[in-house]
Every structure is written in structure tokens, then in C-alpha cells.
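A.B. asks: Quick one: structure below, then a few questions.
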Amino acid sequence: VGSTAGAPAGEDASDGRREGGGPAAVQQGGVCPPPRSLGHCLNLAVIRSLFVPGFSVMAREALTEDQADNGAHANVWDPSSAMLDEARQAGMRTLLACCSASLFVPPHALAASPNRMLLATVNAPQPYAKALFRALFSVVFSYDPVGLGIPYAHSLVPDSHYTVMHVAAQLLMVLLSQPAAPPPSAPAAPAAGPRQAPEASSLPRAVPTAPPGPPPAAPPPPLDKMSRLLVALQRPETLRFLVGGFRLLLRNGYASRRTYLPSALVALHCQQELLLLLWRFLSLNRPFCELLVDAEELADVVLALGYFVLSWRDEPAKHSWVHLAILCLLLLSSEEGFGSTVNLPCPHTLPLPAGHAGACKGSVADLLVVCCHDLLHPSKERLESMLPAALAVLANISPHVKAFSAGAATMVLDIVHELAEPSFLYAADTRPELLIAALDVVSSSLLYQHSANLPLELAIYQAADRLRAIPPAAPTPATGPPNAPPMDTPVEARGDVRRGLDPLPGRA
């Protein structure tokens, strides 16, 4: 018997009403208009099959409309059994098959040939959309890979929740990342996606950027219904449930490989789907991002993201996932409360090769330095597209790091030296900006943590000859901010040009 204990019941929806995805809502909800096509009829029938009492949900007495509005039994997948999980898995696999047509359409042709089945699923009539969304994220984030804590328990006791969680993670990822397009019954409208990750120029660092224009308008709300339901998750207990679920699932990537007995802990095979779900939750749900930054689970999440970067960087097929992990770190590092986490020691060791055995012996900041350093080796050109975001992460954390370890300080100077090689520096017009960003990491660390960061000062002293040999790479005046001091002005006279950081008292 698999247990699918879900999230706290009752969530605010985009229309101000509570999530009422229970059986009463499914059975007594408003009648949707008749399907316009056979495919739409098939799609709606599959969605309804996921909430049929006695087939995919437990047979129980019907709830009244008031109880459904109050959020009682909002997740009808809470009680579970092997038979119910088998029916749910079959229904979700059918939906995945119906929604997979976008895999065979070129990206430039998605606007002209939208995936009608996927749009019909995302914009399912109420209350099926709310019930499906709540059931999916509840069954995913309620799964605990540790289980009973007994080695090889997954091989001894059948776990139907394990297979349902994998399919639910894939389906939830598809529904939250569908191409922007209007609903089937709505007129065509300009595509409007969710808030994208902030670029390096919008983060608190001193790299010269283009003159800022008028403040951009607030992004419009997402078009699809699933994204609106994700944005509507505001209750603290629901957000804490999601934060705890991400911690348990993401850390399984390295926890299942560092056991004393081989394969003693079940290994999840949906880490890429979980990484994309984390990106969507961070991008769309601002309260979730703020709660994750302030939670004690943040160190485990950052450790898992660092493990993905270090373990996937040598696999060209997974470079896009490495980029996504770096972008997640970029979003987290731009938050105000992230600075208190970078000085914490790494909570666990990572099962890495011998060359990275010491990556987790220091603080979280040292681990991030190791991740950025490894993106430069063995080929800087191969992973060059990830370097701006990685350097922006270091620029965001450098003012808050009390002291780098000796190895991390040497790696910071090694990053500067690698980016300053003439064969790399002058090969493209944008590469001098990478060198400036790396130098900004060093200067801001000394500017804010001068007295305590002795390892970095020692590394600078030992690499003084290499630093003096750095070729000039100053940007043109047209690309600098309007009120920025000249680049040759001493640091003491330049003042604080960072945005979002208050000047620290008593600095040089």
C-alpha cells in the first residue's frame, strides 16, 4: 500500500475562492460546455477517470458544496492503495501520451501549430483543473525516498507511490512548461510567459551595463490555468510542505550514492523533472522563493544543485540541465536572505570523484566557487554560455562571505587567470565582460570582508605577478552606467556602486 499524504487542504485560487478539488466539487461542479471535437472529449474523459470513486479514488460519501468551498478533503488522492495507484498511473500515462505532440514540432512552428490536447488539459474545466493540480503536486512532494529507514526496504516491500510519483512529476512538469498559447476557446493573444530569471546586469554587482531606462511594467499574469494555480499557492503550511518536499527529493540525487551498502536507498530517476519544477516554482511563486531562502532546508537544496553541476558538467547531453541548475542558484543568490546561508558549513559530503573530494569540506560559498571553477575546465568554450550566470552567483555572494577557504580563494584567482588569457579574452567581444565580472568578485569580497578574508588576501599576494600581467579589458564609456566612476579610480574613491547592498561601516 502506498501512502500519498498530501498538502494542507484549502488553497487560495486565482479568483479568490478556495481550492475545492474534492469529490463533491468534481461531481457537483459547474457543467462545462460540450466538447467541440473527439480529441477534446477523449481528453476530458481521461481527466475525469482520475477522480472516479472506486476506480482511482476511494469510495466515500459525497460532500456538500459548502464543504468543498471550505477546502475539506481538497486532495482526493490522500487515501491510496496499490489498485488505486495503478489506475492513477494508467490515467496519467494516457495524458502524457496525449500531450506529447509538442516533442515532434519545431519550436518556431509551435505558434502556428499549438498542441490542442495539451491546451485542453491545461485549461480543463473546473473543478477538474484544481483537483488535478492539487493531486499532482501533493503526490509528488509527499513522497519520502527514505521510507522506513531500513536498507533495501524498496526491494522488500512493494511501493506503488514510487511509480505514481515519477509519472506525476513528469505530468506536472509538462503542464507547467507548456508553450505559451491562448486557450482553445479564447481568441489569439500575444504570448506572455512567466517572470524570467534576472540577468546578470540586474543583480547586485558592479559590472558596467547599459544605462537603465524607465522601470519595466509588472509582467502580466500567465495565460494558462495551471500557472495561475501555482501562483495562487500562498498559505504558509502549503509552502512549507513544498519546501520540505523539494529538500527530500533533490537530496536523493547524492544521498542514494553515498550509502555504506550499495543501492541501500532507492534512487529517483526524475531529478531532471524535479529541477525544472524547482525553476518554475521559483520563477512564478514569489512567497515560495522567500520562504525557501529563509528556511533551514536551503543548504540542502543548494548542495543538491551544486552536485548536479559537478556531476553533469562532463555529459554534453545534460548541459542544459547544468544551465538550469545555475539559473536556480542565480535566482536564490539574488535574494536578500541568501547571504546568511553561504557561510554555513556544507551539511553533507558529496559522492564526487577524487579530484573533487574536498568540495564539501568548507562552507556553502566554497562549494559554489568549486562549481564555477569547474565550468572552466576542461574547455571554457564548451560551457561558455553558463559562465555569465555562474559569475553573477559569485558576485552576489562575495560581499557576504566572511572568509573563503584556502582552496576556494586559490580557485577564485585561477578563474581570473583563466579568463584573462589573451587567446580566450580577445576571441569574442563579450569575453572582457566575463573578466570584469570575475575581478568584481575579488574586489567586492575585499571591500566588504577585508579584515576576515585572510586566505583571499594571501592568494592575491601569491598571484601578484599574474594579476599585474592581466591585459587591459576596460569597456567603452557608452556601455557604462550614467553615474559610474571611471574604471581607473581607486576603490576607496569609487564608493558603493552596488545596488541592493547597504554600505558597511568601518570599511576602507
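A.B. asks: In nm, give the distance between the simple-model label positions of PHE55 and LEU344, each being 7 Å from the Cα along the Cα-to-Cβ direction.
C.D. replies: The modelled label-to-label distance comes out at 4.6 nm.
A.B. asks: At a Förster distance of 45 Å, what's the computed FRET efficiency of LYS402 paired with ALA112, Cβ-Cβ distance as r, to 0.05?
C.D. replies: Step by step, r from the Cβ atoms, then E = 0.25.
A.B. asks: To the nearest 10 square angstrom, what accessible area does TYR426 show with a 1.4 Å probe?
C.D. replies: 130 Å²
A.B. asks: Using a 1.4 angstrom probe on the protein heavy atoms only, line up VAL364, VAL157 by accessible area, largest first.
C.D. replies: Largest to smallest exposure gives the sequence VAL157, VAL364.
A.B. asks: Further, regarding this structure: Roughly how many nanometres apart are two label points built 7 Å out from the Cα toward the Cβ at LEU38 and HIS319?
C.D. replies: Once both label points are built, they end up 4.5 nm from each other.
A.B. asks: If you don't mind, another one. By average Cβ neighbour count within 10 Å, what is the ranking of 398-411, 311-324 from highest down?
C.D. replies: In descending order of packing, they fall as 398-411, 311-324.
A.B. asks: Further, regarding this structure: Roughly what would the spin-label model give for ARG286 and LYS361, points 7 Å off Cα along C-beta, in nm?
C.D. replies: 4.3 nm
The values are calculated or read from the model by the stated rules, or taken from the named source; none is laboratory data. This one's a predicted model, so the numbers in the text were calculated from it and none came from an experiment. Don't worry about glycine lacking a Cβ; one is built from the backbone with ideal geometry, like all the others, and counts go over all protein chains shown. Ligands, DNA and RNA are stripped out before the accessible areas are found, and what is left, the full protein with its side chains, is counted by its heavy atoms. Shrake-Rupley method; radii C 1.70, N 1.55, O 1.52, S 1.80 Å.
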